[in-house]
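Asks: Take a look at this one; I'll ask things after.
The values are calculated or read from the model by the stated rules, or taken from the named source; none is laboratory data. Predicted model, so just to flag it, every value in this text is computed and none were measured. Cβ atoms come from the backbone with ideal geometry, glycine included; neighbour counts cover every protein chain shown.
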Ligand code: DP6
């Protein structure tokens, strides 16, 4: 027999960024962060997990290619889930798995991103969130989403925020064992449904410095990071929570753009400096800043993660349509800029 579960998890985009760890193994951050989860049909991971007595060892395929599960991050997630597995019974198929059986049974995991992984967008966030969620279902793990978020966190920090839709806060926590470093939902996906997210895929090249090593180098060498983590982010978290609650787009946009810019400033303050944005990213920032200033009130917020791709959040559909017009005029895909496509809702151009 084979027992299988399939789940789908979207990626999330941080508007107050996580950058820097206080514990590398447990993946505990040095500051809280807030993100918005994308619609499930866009930039998501689909994962099928299966168990069978005929499987001889744990195996995983990513986009059809087998990958190693030996890394600490996978092992930490699998160990945490196995420890919490419960009895599973499927009378129709005549399957009975006891809590103890899970220690010996092996798993097969097949994961697909609906977007080229190389574009650096369908990130580890959706991947680990989906892995943990689907395995928890298969193994009848009776924990709530926040407990599962603490397991996904051990796969990749940002993954803990993808277990919820809408706006999500990852509370950094204080405990050394990480038990209070969990994600909570601030508002569900219906709360602010005017917002439209457009992603400008500036480069599909894989990033040169991974988030993991980048943030390690920042913590080791940057003098600004402590000021950011201790002074700036705690204030911004409070302001951002209020802006989200009040649907206050001007404050939301100001905080989102400032936080993205400070995150990249901290990367520049790292030795050797880390450059995630390129000329096209900088031109997109100038274009949005000029437009927002011209309108007198922000129409669009921008944010960039560990790569040059722009995530643009328009205040409503009208602003999104105008933004797209501008982007297509100034940054036509496949032109002399290295911008290749836009992802808008379910449409790619
Ligand atoms: C810039 O979650 O990819 O996207 O925990 O080492 O796996 P690890 O890092 P990761 O870092 C994400 C950094 C970011 C900001 C964010 O998503 O908050």
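Asks: Any residue at all in region 146-154 that is within 16 Å of the ligand (Cβ to nearest atom), assigned to a loop (DSSP other than H, G, I, E, B) and surrounded by 16 or more Cβ atoms within 10 Å (Cβ to Cβ)?
Replies: yes
Asks: Just checking, does region 291-313 include any residue being within 15 Å of the ligand (Cβ to nearest atom), under 21 Å from residue 211 (Cβ atoms) and assigned to a helix (DSSP H, G or I)?
Replies: No, because not a single residue in region 291-313 is within 15 Å of the ligand (Cβ to nearest atom), under 21 Å from residue 211 (Cβ atoms) and assigned to a helix (DSSP H, G or I).
Asks: I want to confirm something. Restricting to region 46-56 and keeping residues that are touching a strand residue (DSSP E or B) at 6+ places or on another chain (Cβ under 6 Å) and closer than 9 Å to residue 106 by Cβ, which single residue is surrounded by the fewest Cβ atoms within 10 Å (Cβ to Cβ)? I'd like the intermediate steps shown before the answer.
Replies: The first filter runs over region 46-56 and keeps only residues touching a strand residue (DSSP E or B) at 6+ places or on another chain (Cβ under 6 Å), leaving 46-51, 55.
Subsequent filtering for residues that are closer than 9 Å to residue 106 by Cβ retains 51, 55.
Working: 51: 22, 55: 14.
This residue is 55.
Asks: Going by the structure shown, is residue 233 surrounded by 19 or more Cβ atoms within 10 Å (Cβ to Cβ), farther than 17 Å from residue 277 by Cα and touching a residue at least 24 places away in the same chain (Cβ under 8 Å)? Before you say what the answer is, go through the steps one by one.
Replies: Values: surrounded by 19 or more Cβ atoms within 10 Å (Cβ to Cβ): yes; farther than 17 Å from residue 277 by Cα: yes; touching a residue at least 24 places away in the same chain (Cβ under 8 Å): yes.
Here the answer is yes, as residue 233 does meet what is asked.
Asks: I'd like the full set of residues that are over 21 Å from residue 141 (Cβ atoms) and under 21 Å from the mean Cα position of the chain (by Cα), limited to region 43-70.
Replies: Answer for region 43-70, where residues must be over 21 Å from residue 141 (Cβ atoms) and under 21 Å from the mean Cα position of the chain (by Cα): 43, 44, 61, 62, 63, 67.
Asks: Here's something else I'd like to know. Only one of 105, 43, 28 is touching a residue at least 40 places away in the same chain (Cβ under 8 Å), more than 16 Å from the ligand (Cβ to nearest atom) and in contact with a strand residue (DSSP E or B) (Cβ under 9 Å, 6 or more places away or on another chain). Can you tell me which? Lay out the reasoning, then the answer.
Replies: Values: 43 fails: more than 16 Å from the ligand (Cβ to nearest atom); 28 fails: more than 16 Å from the ligand (Cβ to nearest atom).
Within the list 105, 43, 28, the selection yields 105.
Asks: How many residues are more than 9 Å from the ligand (Cβ to nearest atom) and assigned to a strand (DSSP E or B) when one looks only at region 1-14? Reasoning before the result, please.
Replies: First pass over region 1-14, keeping only residues more than 9 Å from the ligand (Cβ to nearest atom): 1-11.
From what is left, the residues that are assigned to a strand (DSSP E or B) are 3-10.
Counting residues in region 1-14 that are more than 9 Å from the ligand (Cβ to nearest atom) and assigned to a strand (DSSP E or B) gives 8.
Asks: Let me ask you something else. Residue 133 is checked against (1) touching a helix residue (DSSP H, G or I) at 6+ places or on another chain (Cβ under 8 Å); (2) modelled with pLDDT under 95 and fails just one. What number does that condition carry?
Replies: The one condition residue 133 does not meet is (2).
Asks: If you go through region 333-349 one residue at a time, do you hit one that is at pLDDT below 95 and either assigned to a helix (DSSP H, G or I) or at positive phi (or both)?
Replies: Checked region 333-349: at least one residue is at pLDDT below 95 and either assigned to a helix (DSSP H, G or I) or at positive phi (or both).
Asks: Moving on. Where in region 33-141 are the strands (runs of 3 or more DSSP E), entirely inside, with at least 2 residues that are within 30 Å of residue 230 (Cα to Cα)? Give the derivation first.
Replies: On the way: elements: 33-37, 44-52, 59-62, 65-67, 88-90, 95-97, 106-113.
Output list reads 33-37.
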